[in-house]
Amino acid sequence: MRVGVFYFPTDYGIDMSELGRALEDRGFESLFVPEHTHIPLSRKTPFPSGGELPKRYSHTHDPFVGLSFAAAATRKLIVGTGILLVPQHDPIVTAKAVASLDQLSGGRFVLGIGGGWNVDEMENHGARHATRFKQMREHILAMKALWTEEAGSFHGEFVNFDPAWSWPKPKQKPHPPILLGGETDHTLRRVVDYCDGWFPRPRDGFEPAAAVERLRRMAAEKGRDFSTLSITVFGAPADEATLASYQKVGIQRALLAIPDLGRDEILRHLDTIAPLARPYA
């Protein structure tokens, strides 16, 4: 198992290049970043965690730009989206961004994806809450065509283009790992259908062995080889015993949270949690 972090890459936080170097120096395997393209002031959609929407949600850097700075400043650090709101992105443009970042980082990119929760935000992009998962599937399949075929094409309800050249191709073959966030059985079916890994949050009742077995059972039902799938726990507790329990049942990665603080506080926090990552480095 590997231990990494996730961080909202805000304009008032730590520089992404410095953060990347600090993580690599301390033995962390990876850096994942969430995204929100913007936050509409209408705020018709309640924050899922309740209360006011935290400041960081409206101050995030573009994930591909932020991760490019972190990748350029490091040699081994894995960089990933956690998560990219796929229905809010044009698939042809996104395929190019993913492939470029994977090539330029030497094959160190992981594509964590999700459908999104903020109805106001996605509707500004022309996406609809009721069909976001169907649209996400088409976007991913269309991007796979561009990544893996010399002249990719796709024809669906939401994405439609004839054969086209799109270079560069990703460094990783056939493409960077695609991890899907969520905790429901619907999520697991989508993971088995068109993704490479599951990206759950350890919410109340999360039990590592049972989580692994859920994915194994779903893969068997759909005829998917379980060994081709991975599990990355998003927001894992900063607890030695919990991380050991993840490793014991075969979970491949755990991501610890970096708090929404300033540079100096973040570096001190990394020093505090670094001992948890070193045994898995």
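The values are calculated or read from the model by the stated rules, or taken from the named source; none is laboratory data. In this text the structure is predicted, and so the values were computed from the model without any measurement. Note: ideal-geometry Cβ built from the backbone for every residue, glycine included; neighbour counts use all protein chains shown.
Key figures for this structure:
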quantity	calculated
Subset of region 110-131 (residues that are surrounded by fewer than 20 Cβ atoms within 10 Å (Cβ to Cβ) and not hydroxyl-bearing (Ser, Thr, Tyr))	117, 119, 120, 123, 124, 125, 126, 128, 129, 130
Test: residue in region 204-216 that is in contact with a Leu (Cβ under 7 Å, 6 or more places away or on another chain) and within 30 Å of residue 273 (Cα to Cα)	yes
Restricting region 27-50 to residues that are among the aliphatic types (A, V, I, L, M) and under 30 Å from residue 78 (Cα atoms), the residue that is surrounded by the fewest Cβ atoms within 10 Å (Cβ to Cβ)	39
Spans of strands (runs of 3 or more DSSP E) in region 1-118 with at least 1 residues in contact (Cβ under 8 Å) with a residue 24 or more places away in the chain and of a type in the set (Lys, Arg)	2-6
Given (1) crowded, with 20+ Cβ neighbours inside 10 Å; (2) over 16 Å from the mean Cα position of the chain (by Cα), index of the condition residue 199 fails	(2)
Test: residue 144 is surrounded by fewer than 20 Cβ atoms within 10 Å (Cβ to Cβ), touching a His at 6+ places or on another chain (Cβ under 7 Å) and not in a loop (DSSP other than H, G, I, E, B)	yes
Residues within region 150-164 that are surrounded by 16 or more Cβ atoms within 10 Å (Cβ to Cβ) and either assigned to a loop (DSSP other than H, G, I, E, B) or modelled with pLDDT under 95 (or both), tallied	2
Which listed residue is modelled with pLDDT under 95, touching a Phe, Trp or Tyr at 6+ places or on another chain (Cβ under 8 Å) and of a type in the set (Val, Ile, Thr), from 60, 45, 81	45
Boolean, residue 70 is within 21 Å of residue 134 (Cβ to Cβ) and in contact with a Leu (Cβ under 6 Å, 6 or more places away or on another chain)	no
Members of region 1-24 found to be closer than 23 Å to residue 242 by Cα and touching a His at 6+ places or on another chain (Cβ under 7 Å), listed by number	none
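Here is a yes/no grid of residues against (1) acidic (Asp, Glu); (2) closer than 30 Å to residue 10 by Cβ:
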residue	(1), (2)
166	no, no
176	no, yes
213	yes, no
216	no, no
221	yes, no
227	no, no
255	no, yes
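Yes/no per residue for (1) of a type outside the set (Phe, Trp, Tyr); (2) farther than 24 Å from residue 256 by Cα; (3) touching a helix residue (DSSP H, G or I) at 6+ places or on another chain (Cβ under 6 Å); (4) at pLDDT below 95:
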{"position": "183", "(1), (2), (3), (4)": "yes, no, no, no"}
{"position": "186", "(1), (2), (3), (4)": "yes, yes, no, no"}
{"position": "189", "(1), (2), (3), (4)": "yes, yes, no, no"}
{"position": "193", "(1), (2), (3), (4)": "yes, yes, no, no"}
{"position": "202", "(1), (2), (3), (4)": "yes, no, no, no"}
{"position": "209", "(1), (2), (3), (4)": "yes, no, yes, no"}
{"position": "218", "(1), (2), (3), (4)": "yes, yes, yes, no"}
{"position": "224", "(1), (2), (3), (4)": "yes, yes, yes, no"}
{"position": "227", "(1), (2), (3), (4)": "yes, yes, no, no"}
